[in-house]
Amino acid sequence: MTNRHKLVSICAACVAIALAVVPLRVVAQKTDRAKSLGTKLMCMCGCGQILTQCNHINCPSSGPMLKELDMHVAKGEADDLIVQDFVQEYGEKVLSSPPSTGFNSIAWYIPGVAFVLGLGIVIMVIRMWRQRDITRVATAGDAPPVAHDSATDLIDVRLERARKQADRETED
């Protein structure tokens, strides 16, 4: 073997080692069906992101999970079976939204119930405020009670005389 052949073989070996060491970007989600299924699953690396949106470099979970998803899609398995397979492997925490059956259905109803209760409380408080304002306006025309003493009695007597005189004068 000549030096040139040795150099070429050494270069080829270096390139092969470099390709083996540098992780290749995972080519996954080749079909729209795989992409839509990937949005139903969560990445299991702990990032809390949807599987197809995990943006961690060299994520230890998303790459293998995406390859597994692509394999299931390539086999032509049904969507429900693929999702069920991931649930069996990783548990229900792999689902991006809780199933709407059983106890988990509460998670679907709580936001609506909370909205209705909050709206009811706001309406009730507004009605109480309006009722309080109506009561205040109705009692505003009434004079506040005054403690009676001899001076107020004298004023009351004078007012009563003035009223009687006004009545007599208007009758004539």
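Remarks
- Shown in residue order for the range 76-92 are the 3J(HN,Hα) couplings computed by the Karplus curve 6.51 cos²θ - 1.76 cosθ + 1.60 at θ = phi - 60°: x, 6, 6, 4, 4, 5, 5, 5, 4, 4, 5, 5, 5, 7, 10, x, 5 Hz (x for Gly and Pro).
- Protection proxy ranking of 48-59, 65-76, 112-123 - average other beta-carbon atoms within 10 Å, highest first: 65-76, 48-59, 112-123
- Cα gyration tensor shape of the range 65-127, rounded if a/c is under 1.5, else prolate or oblate by comparing a/b with b/c: prolate
- Given R0 = 45 Å, the distance between the Cβ atoms of ASP80 and SER9 translates into a calculated FRET efficiency of 0.30.
- Only protein atoms count toward the accessible area here, which uses a 1.4 Å probe; on the range 51-90, the carbon and sulfur part of that area reaches 52 percent.
- Derived scalar couplings between HN and Hα for the range 93-109 equal 5, 6, 7, 7, 9, x, x, 8, 10, x, 5, 5, 5, 4, 4, 7, 8 Hz in order, rounded to whole Hz, by the Karplus curve 6.51 cos²θ - 1.76 cosθ + 1.60 (θ = phi - 60°), x for Gly and Pro.
The values are calculated or read from the model by the stated rules, or taken from the named source; none is laboratory data. Keep in mind the model is a prediction, meaning the values are calculated, not measured. Positions of Cβ are backbone-derived with ideal geometry, glycine not excepted, and every protein chain shown enters the neighbour counts. When the accessible area is computed, the model is the full protein with side chains, heavy atoms only, and any ligands, DNA or RNA have been set aside. Shrake-Rupley method; radii C 1.70, N 1.55, O 1.52, S 1.80 Å.
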